[in-house]
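One structure is given here, and the rest of the page talks about it.
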Amino acid sequence: MTSTTTTSTKTASTSDADAAKTAESRDEPQKSKAEPTSVRKRLRALYHGHSRAAHRFRYAILAFDLATIAFIIATSFIRDAEWIEYADICIGILILTEFCARIWVSPHPAREFAHFSTWADIVAILSFLAPIVGEGLGFLRIMRTLRLLHTYQLMATLRVDFPFFRRNEETIIAVVNLVVFLFITTGLVYETQHYRNPAIANYVDALYFTVTTLTTTGFGDITLHGSFGRLIAVVIMIFGVTLFLRLLQTLLRPQKVRYPCPSCGLQRHEIDAVHCKACGAQLNIPDEGRF
């Protein structure tokens, strides 16, 4: 009887041990699956969250974009330097890493490719990595400036962090639109003309032509060669003047603040408004004691 009990006890312990091993083997893949999930959640919180760390992360991306544009402009004054090719590759790898991370954490990755900024990033990555396969795609690197359009998602963060931005949001956005347009057209003029047009040797020359054309000054000392160059000048005159007039309109019209009326939902009011001019509801616009 005792031996039978001992045998059954050993059998039970053996089955328990096998069950524990089976459970551990099942838990191991779950743990390995949980680790990348947690990384994805942290990245998603950085890209789409509202914490202080998320704000700093998005500001860092914006700073990197601005530094990239500064690098593009500065290297236009340097010819045939080998270190520029290595720097291009490093920047391209960084952009590719950030691009892959952004697609990975997106709730709908396929929808990201419906945005123009996504394709601008793809073109920028190819252009910076062009030294690997040759310089044929070098002119596409200016598409990196379009990445600034993607940073418009920072507007909500800037609105929270900086009272100056809240008070002058429309003016700042109009300035950013004009500056982005200047960067894009300046880069397009430079990349399509500096090989065959001796009057455009660097970004400063291209910017000079862009500004004189945008303001309709037209000194005529620099002209673009070819039919494509003339089409670029037409685009600068039409869209550039429109953005310039938009900026002037924003600067000259009465200043207002953005505050939703609790009754009718009207968004813009005079900076010292007490009642909504549409429905008469009382407003409680936050003020910093300027009035």
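General remarks:
- Residue list for the range 67-87, filter: within 26 Å of Leu43 (Cβ to Cβ) and in contact (Cβ under 8 Å) with a residue 40 or more places away in the chain: Thr68, Ile69
- Matching residues in the range 232-279 - criterion: being loosely packed, with under 11 Cβ neighbours inside 10 Å and touching a Leu at 6+ places or on another chain (Cβ under 9 Å): Val274
- Only one entry in Tyr259, Tyr208 is within 13 Å of Thr185 (Cα to Cα) and aromatic (Phe, Trp, Tyr), namely Tyr208.
- As a summary of the residue check, Glu112 satisfies the conditions (1) over 30 Å from Ile200 (Cα atoms); (2) open to solvent by 80 Å² or more (accessible area, probe 1.4 Å) except for the one numbered (2).
- Matching residues, the range 55-102, being open to solvent by 60 Å² or more (accessible area, probe 1.4 Å) and outside any helix (DSSP H, G or I): Phe77, Ile78, Arg79, Asp80
Yes/no per residue for (1) out of contact with any strand residue (DSSP E or B) (no Cβ under 8 Å at 6 or more places or on another chain); (2) outside any loop (DSSP other than H, G, I, E, B); (3) at pLDDT 85 or above:
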residue	(1), (2), (3)
Glu191	yes, yes, no
Tyr195	yes, no, no
Ala206	yes, yes, yes
Thr213	yes, yes, yes
Leu224	yes, no, yes
Pro254	no, no, no
Cys261	no, no, yes
Ala278	yes, no, yes
Phe291	yes, no, no
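- The single condition among (1) at negative phi; (2) modelled with pLDDT under 80; (3) not hydroxyl-bearing (Ser, Thr, Tyr) that Asp80 does not satisfy is (1).
The values are calculated or read from the model by the stated rules, or taken from the named source; none is laboratory data. Keep in mind the model is a prediction, meaning the values are calculated, not measured. Heads up, the Cβs are rebuilt from the backbone with ideal geometry, glycines too, and the neighbour counts pull from every protein chain shown. Just so you know, the surface numbers come from the protein's heavy atoms only, side chains and all, with ligands and any DNA or RNA stripped out. Shrake-Rupley method; radii C 1.70, N 1.55, O 1.52, S 1.80 Å.
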